[in-house]
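What follows is one structure encoded as structure tokens, with my remarks underneath.
The values are calculated or read from the model by the stated rules, or taken from the named source; none is laboratory data. As the structure is a prediction and not an experimental result, all values here were calculated from the model. Heads up, the Cβs are rebuilt from the backbone with ideal geometry, glycines too, and the neighbour counts pull from every protein chain shown. The area values use the complete protein model at the heavy-atom level, side chains included, leaving out ligands, DNA and RNA. Shrake-Rupley method; radii C 1.70, N 1.55, O 1.52, S 1.80 Å.
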Amino acid sequence: MSVEAAADTEGIIKAFAADRSRLMDIVLAVQHRFGHVSDDAVRLIAAGLEIHPVEVEDTVSFYAFLDRERRGRNRIRLSKTPISMIKGARAVAAAFETALGLVIGDTSADGEFTLEWTSDIGMADQEPAALINAIILTELTPQDVPAIVAALRSTDTLPPFPPHAAQIALMPKGSVRPSLVHPGPLLSGPLVQGEGLRAALTLTPEKVIEEITGSKLRGRGGAGFPTGMKWRLTRKSTGTDHYVVCNADEGEPGTFKDRVLLSEFPDLVFDGMTVAGYALGARHGLVYLRGEYAYLWDPLQAVLTERRSLGLLGANIGGHEGFDFDIRIQLGAGAYICGEESALLESLEGKRGAPRDRPPFPTERGYLQQPTAIDNVETYACAARIMEKGAEWFRGYGTKESSGTKLMSVSGDCSHPGVYEVPFGITVNALLDLVGAPDAEYVQISGPSGQSVAPKDFGRRIAYEDLSTGGSTMIFGPTRDVLDIALQFAAFFVDESCGWCTPCRVGTTLLKQGMEKIVAGRASLSDLSATEALANTVMRMSRCGLGQSAPNPILTTMRSFPELYEARLASEPFVPLVSLHDALREAVAVQGREPVSQEG
Ligand code: SF4
């Protein structure tokens, strides 16, 4: 490492006050300054933070957006999901391969380009999409590719990170467009900045929690834990500090409603976080923003700055003596598992995103071992509106067990992909009518970890008591191959398993192999049974929610579409190419005895 590079690295460490818990920021900054995190950088960072180099390496090696070896100056990551595939991602990938003279996965000899697939980047409504040097380009066609490559070749510097609006505007292809198609009571105007917070400040913190409890608001990330109870538990836990964390790591393929909230309604989200800060007695709010949404960094910082200038963040907020609260944004670095709350906490602390054992729960010991309330982006938006309009108003929508409305991210074979705000209790049929999907043959609710729904079940309801969902709704028409889609979901979990526990690490790979055999038409009835049994084992034995839900696409498509699995069975009985008996003939002769048969 040159003297200048070492000085730059030390400058980065200093900029984050050599704080161990800011390791993610430090390695992200080094990555984007030098294109990778070298051995020398690892040693310098470890020395600067007074930790072992292995701890730095542990973090760097975990995240998809951090590299130990130098890759291309321009990183082109193409979104690989069943939705991007049906929208033409393969043709776009082929056009990039031709324009760059590369195959997917390679880096050009001159070090200018790396071309690769990546998991979902939160653009299911605007596929095919790509993440190019942290800028998202959407609705790509093969014809767009030459101009994009030419624009990337026209500069020779490392692109700034996070990307600035001016840099985004230079790309010869439109970036992310607004996507709220159908607002409901939550997102319909008038929306007055700080209104929810002002209403909260007229109450005591205890009364705020009572109001949230009375609204029956439940976590919008999909798990549905009662928000009022979470806030009450966090408030009553003792610690040197309390923390409010916003989970903006929406990595579930097919979901993008948090992206829409953060880009079109950021004030509402920050308002809800500040309400939580008041209710919990917290001074610190943290937004964990998925690395794929780095393009939102500048606009979100501008909103935070504005809120500080208006007295909606900072000291004595809203003139309320002693209520000090501010919000920091932490960028992730491409790890789906960090959507799981305890893995998210680890990542926030600058570590690899491996789930924690629980108890203790975050309400008791969360960020930096302090009481922490972690809620989804949409949950905070709901909390702000509940303070403004009251618990009764909120309960007026939805069902008895699922109050309020739900933001649904709708993509795939429909006329109007985008975000729809619908009351809980809506049937799948009614939702399909709303989004223009008369020919739907298969709907995947709540992403790969959710449920596969066939037409016979389109009367089921979107609600915690029936089809519980974080909002992802992927629609597939009659020409789509359901089993191939289930295989793609199985492959997704292989990529995203953190590798900690064997049932998930090994099981997801075996499940993918089982699905490959089924999709190829080589599976027998006993292969189907074996795959189903393995799926149940992975579900039961895995350590965290990722492994426990990884078999869902296989199990739920088996239940919803048994006829498709049966139709794909091998038409000829399986005849092994190798005879075990013949293979053992020589050994049997040497030993002078027959092998013991399995049946005994
Ligand atoms: Fe990691 Fe999967 Fe085990 Fe969760 S279930 S700890 S993601 S290996």
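Screening the range 386-476 for strands (runs of 3 or more DSSP E) wholly inside it with 3 or more residues that are open to solvent by less than 20 Å² (accessible area, probe 1.4 Å) returns the ranges 405-412, 418-423, 442-445, 472-476. Taken over the range 104-146, the criterion of being closer than 21 Å to Leu331 by Cβ, assigned to a loop (DSSP other than H, G, I, E, B) and open to solvent by less than 20 Å² (accessible area, probe 1.4 Å) is satisfied by Asp120, Ile121, Gly122, Met123, Ala129, Ala134, Thr138.
Pairing each residue of the range 534-561 that is closer than 17 Å to Val443 by Cα and without any contact (Cβ under 8 Å) to a residue 60 or more places away in the chain with any residue that is in a loop (DSSP other than H, G, I, E, B) and more than 16 Å from the ligand (Cβ to nearest atom), provided the two are 6+ apart or on different chains, yields no C-beta distance under 8 Å. Quick one: in the range 492-532, of everything that is over 26 Å from Glu252 (Cβ atoms) and in a helix (DSSP H, G or I), which residue is nearest to the chain's Cα centre (by Cα)? Here the residue is Lys517.
In the set (1) touching a residue at least 60 places away in the same chain (Cβ under 8 Å); (2) outside any helix (DSSP H, G or I); (3) more than 25 Å from Asn247 (Cβ to Cβ); (4) open to solvent by less than 30 Å² (accessible area, probe 1.4 Å), Leu152 fails one condition alone, (2).
One residue stands out among those in the range 315-343 that are of a type in the set (D, E, K, R) and more than 16 Å from the ligand (Cβ to nearest atom): the one that is most open to solvent (accessible area, probe 1.4 Å), which is Glu321.
Is it fair to say Ala570 is open to solvent by less than 30 Å² (accessible area, probe 1.4 Å), in contact (Cβ under 8 Å) with a residue 40 or more places away in the chain and not in a helix (DSSP H, G or I)? Spelling it out, it is not the case that Ala570 is open to solvent by less than 30 Å² (accessible area, probe 1.4 Å), in contact (Cβ under 8 Å) with a residue 40 or more places away in the chain and not in a helix (DSSP H, G or I). Sub-7 Å Cβ pairs linking a first residue in the range 88-101 that is in the same structural domain as Val149 (by TED's automatic domain parsing) to a second residue that is of a type in the set (Phe, Trp, Tyr) and open to solvent by less than 20 Å² (accessible area, probe 1.4 Å), at least 6 apart or interchain, are Leu100/Phe113, ordered by first then second residue. Taken over the range 487-508, the criterion of being open to solvent by 50 Å² or more (accessible area, probe 1.4 Å), under 13 Å from Val538 (Cβ atoms) and not charged (D, E, K, R) is satisfied by Thr502, Val506.
Contact map, the range 13-38: first residue under 12 Å from Gln330 (Cα atoms), second residue assigned to a helix (DSSP H, G or I) and among the hydroxyl-bearing types (Ser, Thr, Tyr), Cβ cut-off under 8 Å, separation 6 or more or different chains; pairs are Leu23/Thr59; Met24/Thr59; Met24/Ser347. So if I check each of Met539, Met558, which one is under 30 Å from the mean Cα position of the chain (by Cα) and either open to solvent by 70 Å² or more (accessible area, probe 1.4 Å) or away from the ligand (no atom under 15 Å from the Cβ) (or both)? Checking each option against the conditions leaves just Met558. Residues satisfying the criterion are absent from the range 361-368 (criterion: under 20 Å from Val244 (Cα atoms), within 16 Å of the ligand (Cβ to nearest atom) and among the small types (Gly, Ala, Ser)). Selection of the range 14-39 for residues being touching a helix residue (DSSP H, G or I) at 6+ places or on another chain (Cβ under 7 Å), assigned to a helix (DSSP H, G or I) and surrounded by 22 or more Cβ atoms within 10 Å (Cβ to Cβ) yields Leu23, Met24, Ile26, Val27, Val30.
Scanning the range 484-534 for residues that are among the polar types (S, T, N, Q), in contact with a Gly (Cβ under 9 Å, 6 or more places away or on another chain) and within 16 Å of the ligand (Cβ to nearest atom) gives Ser497, Thr508.
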